[in-house]
Amino acid sequence: IYSDPNDVVLGNPNGDVTLVEFFDYNCGYCKRALSDMIKLIDHDPDLRVILKEYPILNDSSDDMARLSLASAKQGYYLNYHRELLNIKGAANYDTALNVAKKLGMDVGKLEIDSNDKVIRDTINSTKLLAFTLGINGTPGYVIGDAIVSGAVGFEGLLEIIGYIRENGMHSIEKYIMMMASKGDIEAQKIISKYNIR
């Protein structure tokens with residue numbers, strides 16, 4: 001999960017905490033979570049962020065994920081990523097190509113590169129990983145040994161990152177117990193379901 005050479009890494013590549021985001025370009029919550037991610041990277045110089053293209057909503061999502069990964073070969077990944085997530089409403093292959101043109105990319109090369117076997121294999125590997133981890137929606141985050149579902153916002157992500165930084169990567173059970181003691185209903189359900197003590 002943390003060391004796939006085909007993943008896009010943002011923030012500090014040697015950061016002491018790694019946040020992995022599974023996202024889909026046609027996910028409205030992912031679009032809103034973009035500003036949280038940018039704010040986190042700007043706020044925390046020791047945060048390493050791995051973006052995993054997880055196109056599960058429709059075929060257009062898969063097209064955009066392939067084009068996005070291919071954009072890295074031209075050095076445009078982050079700009080392209082931001083532009084695709086800033087598209088209002090659903091987007092498709094043609095929309096994604098128009099964004100590439102606007103950014104000044106070589107669109108012909110982008111289309112060829114997007115069909116590369118390595119890119120297809122990377123997306124399939126991400127889908128398998130997400131299934132294994134039980135991530136069935138977007139956005140989904142992995143921080144340390146915590147799996148966080150949904151757009152929990154900047155403050156929520158910051159709190160989890162801080163807790164893992166202070167207490168170690170394998171301390172999420174303690175975090176859940178702390179949240180439950182503060183009255184968090186979801187944390188209390190997790191404690192009950194998994195008999196955490």
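The values are calculated or read from the model by the stated rules, or taken from the named source; none is laboratory data. What you are looking at is a predicted structure, and each value in this text was computed from that prediction instead of being measured. Please note: Cβ atoms are built from the backbone with ideal geometry, for glycine as well, and neighbour counts cover all protein chains shown. The accessibility values were calculated without ligands, DNA or RNA, using every heavy atom of the protein model including side chains. Shrake-Rupley method; radii C 1.70, N 1.55, O 1.52, S 1.80 Å.
With a sphere of radius 13 Å drawn around the Cβ of Phe22, what net charge do the other residues whose Cβ falls strictly inside it have (Lys, Arg +1; Asp, Glu -1)? Write out the running numbers ahead of the final one.
Numbers: positive: Lys52, Lys127; negative: Asp4, Asp7, Glu21, Asp24, Glu53.
Result for the local shell: -3.
Work through the residues other than Leu157 whose Cβ is under 11 Å from its Cβ and net out their charges, Lys, Arg +1 and Asp, Glu -1.
Charge balance in the 11 Å sphere: -4.
Probe radius 1.4 Å, ligands and nucleic acids ignored: give me the carbon and sulfur share of the accessible area of the range 19-71 as a rounded percent.
Details: 810 of 1750 Å².
Whole-percent figure for carbon plus sulfur exposure: 46.
List the aspartates and glutamates whose Cα sits under 15 Å from the Cα of Lys182, skipping any in the same chain fewer than 8 residues away.
Glu159, Glu173
Skip the ligands, DNA and RNA, and give the accessible area per residue of the chain with a 1.4 Å probe, whole Å².
Result: 51 Å² of accessible area for each residue.
Report the Rg/Rh value for the range 1-136, based on alpha-carbon coordinates and the Kirkwood definition of Rh. Spell out each step's value before the answer.
Details: Rg = 14.2 Å, Rh = 15.1 Å.
Radius of gyration relative to Kirkwood radius: 0.94.
Cross-link partners among lysines for Lys101, C-alpha distance below 25 Å, same-chain residues fewer than 8 apart left out?
Lys31, Lys52, Lys73, Lys88, Lys109, Lys117
How about Lys189: which lysines have a C-alpha closer than 25 Å to its C-alpha, ignoring those fewer than 8 places off in the same chain?
Lys174
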